[in-house]
Amino acid sequence: MGHFLTFVSAALTTAALFTDHVNAANNGTTPMQLRLAYAGPTGMVVSWNTYSKLERPTVRYGLAPWALTNTASSDVSITYNTSTTYNNHVKITNLAPNTLYYYQPQHSNSSTLYSFKTSRPAGDGTPYSIAVAVDMGLMGPDGLTTHVGKGASHPLGPHDNNTIQSLQEQGKDTEFLWHPGDIAYADYWLKEEIQGFLPNTTIEEGAEVYESLMNQYYDELTPITSKKPYMVGPGNHEANCDNGGTTDKAHNITYTVSICMPGQTNFTGYRNHFRMPSAESNGLGNFWYSFDHGMVHYVQIDTETDLGHGLTGPDEPGGSEGENSGPFSNIRDAQLNWLQQDLASVDRSKTPWVVVAGHRPWYISATNRSSTVCEDCRKVFEPIFLKYSVDLVLSGHVHAYERNAPISYTNPDPNELNNPSAPWYITNGAAGHYDGLDPLLRPLQNYSRFAQDSAYGWSRLTFHNCTHLTHEFVASANGTVLDTATLFKDRKCSVSRHGW
């Protein structure tokens, strides 16, 4: 009799969940665009979008698919002008480190379960890999595909995988995806229309096209971001709806940020869509923050605004691209002060590796150096990186790949990768988007060690132990590794496998 009652109870629960999902589909509460973000060593933020506002976004979770016995909720279901969806964010706390959990946002299909793994605690020296993709846009008919519009270049080959597909296959064993800026490239909507790639609309209708491209991108990424954390940073293409201006040469018209509708300026979509661990690291919003994962301390910086020392960020009023965005702190030198305090607090015996990512590079063999190289970024950040012995600095912005030597004030470190004292600089903005790749300037800079500007790809970082770190450039088209190099640091530390 007891088994029968259990069966009936389970059947009723399943029926109720099915009914709930049908109702959700009808009233716009079905979850989509699922994404995760670390929230400290024992926390995870679960985010998703819905067409309707949720009164109390809720996530069920547990240690087994059949035992989602815990719930977490929030009151964060937010939207903005021109958005077609609501962004829902729920922070789950008091989780066990390095542990697999199963979860389900409310109104999900009852047969669909998702899972995530919490971060490795500091001091855990178990080897692992992460994926890094910068300057990655929408793939498919409305983005990067096998054809381009008039004046564009670098379409995919007929049998090429794109970077999202490669991240799903060759990157399936990485622990999280780091994307330091230029997400989706929805702000290319007008350029794509001018080039005849997308159907023409009015400027007023452009907001709908922008949101459509953005939503398509987040949908495409869901198979990855629903399973592993998606850690992001700000790039110039998050700033507004038109990347600082587009010119229609055929009609001699130059458009500016003035065409952007309310809600599509000042990083509004970016600020609403994500919840990075700034609260846990005393950072600011999705702009600068840090987190530990095993034997690595990761730092995301903002190269777009809030540079400090009286310098104008590239996207602040009067900046190089006229984005009219930021600053986001009303405290002078807020980001630089935070960065110094953050790096000074790192326990290098537990997290010997320190890796920093910012969107714009300052060491790059770029063709248009005056508008591409962020010299102001170098002035404010490089002294801090040197002072606190940062191991690796990652960037994008230039749509190509260049691995440099470790560098100190433009000079290559004489030790190269054999226990250098300067940070190792790698730029990889070749993840791919509608506009294609950028040509590098040859001969390359004297600090360059390997470069290519003809293949789309992403970076895989593998931390073997406290002394050896390998970087690989993975070609998205077929998964081959086109470049690999290993950094050695001569140091002793107290990490151990499963050191927690």
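The values are calculated or read from the model by the stated rules, or taken from the named source; none is laboratory data. The model shown is predicted, which means the values in this text are computed figures rather than measured ones. Don't worry about glycine lacking a Cβ; one is built from the backbone with ideal geometry, like all the others, and counts go over all protein chains shown.
Below, the figures for the structure above:
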{"item": "Region 122-161, subset modelled with pLDDT of 95 or more and among the β-branched types (V, I, T), residue surrounded by the most Cβ atoms within 10 Å (Cβ to Cβ)", "result": "V134"}
{"item": "Residue in region 416-434 that is farther than 30 Å from K350 by Cα and assigned to a strand (DSSP E or B) present", "result": "yes"}
{"item": "Condition met for T265 (modelled with pLDDT under 95, of a type in the set (V, I, T) and not in a loop (DSSP other than H, G, I, E, B))", "result": "no"}
{"item": "So T462, is it touching a residue at least 40 places away in the same chain (Cβ under 8 Å) and under 21 Å from the mean Cα position of the chain (by Cα)", "result": "yes"}
{"item": "E375 vs. criteria assigned by TED's automatic domain parsing to the domain that holds S459 and in contact (Cβ under 8 Å) with a residue 60 or more places away in the chain", "result": "no"}
{"item": "Strands (runs of 3 or more DSSP E) wholly inside region 165-261 containing at least 1 residues that are more than 17 Å from the chain's Cα centre (by Cα) and assigned by TED's automatic domain parsing to the domain that holds S281", "result": "246-248, 253-255"}
{"item": "Any hit, region 100-121, residues being within 27 Å of H397 (Cα to Cα), at pLDDT 95 or above and part of a strand (DSSP E or B)", "result": "no"}
{"item": "Hits in region 137-148 - residues which are within 17 Å of V209 (Cβ to Cβ), in contact (Cβ under 8 Å) with a residue 60 or more places away in the chain and assigned to a loop (DSSP other than H, G, I, E, B)", "result": "L138, G140, D142, G143"}
{"item": "Some residue of region 113-126 being among the acidic types (D, E), touching a residue at least 24 places away in the same chain (Cβ under 8 Å) and under 14 Å from H433 (Cβ atoms)", "result": "no"}
{"item": "G206 surrounded by 24 or more Cβ atoms within 10 Å (Cβ to Cβ), in contact (Cβ under 8 Å) with a residue 24 or more places away in the chain and not aliphatic (A, V, I, L, M)", "result": "no"}
{"item": "Only one of T303, T312, T254, T268 that is in contact (Cβ under 8 Å) with a residue 40 or more places away in the chain, surrounded by fewer than 18 Cβ atoms within 10 Å (Cβ to Cβ) and either over 15 Å from A357 (Cα atoms) or in contact with a helix residue (DSSP H, G or I) (Cβ under 6 Å, 6 or more places away or on another chain) (or both)", "result": "T312"}
{"item": "Any hit, region 331-352, residues being in contact with a Leu (Cβ under 6 Å, 6 or more places away or on another chain) and among the charged types (D, E, K, R)", "result": "no"}
{"item": "Residue within region 335-356 that is under 21 Å from V398 (Cβ atoms) and modelled with pLDDT of 95 or more present", "result": "yes"}
{"item": "Region 348-368, residues that are among the basic types (K, R) and either touching a Ser or Thr at 6+ places or on another chain (Cβ under 6 Å) or closer than 22 Å to G181 by Cβ (or both)", "result": "R360"}
{"item": "Matching residues in region 133-153 - criterion: being closer than 15 Å to Q165 by Cα and small (G, A, S)", "result": "A133, G137, G140, G143"}
{"item": "Selected residue (only one of D302, D292 is modelled with pLDDT of 95 or more, charged (D, E, K, R), assigned to a strand (DSSP E or B) and within 17 Å of M231 (Cα to Cα))", "result": "D292"}
{"item": "Single residue of region 416-434 satisfying the filter (touching a His at 6+ places or on another chain (Cβ under 7 Å) and of a type outside the set (V, I, T)) that is surrounded by the fewest Cβ atoms within 10 Å (Cβ to Cβ)", "result": "G429"}
{"item": "Unmet criterion (only one of (1) of a type in the set (S, T, N, Q); (2) crowded, with 18+ Cβ neighbours inside 10 Å; (3) within 18 Å of E472 (Cβ to Cβ)) for Q168", "result": "(2)"}
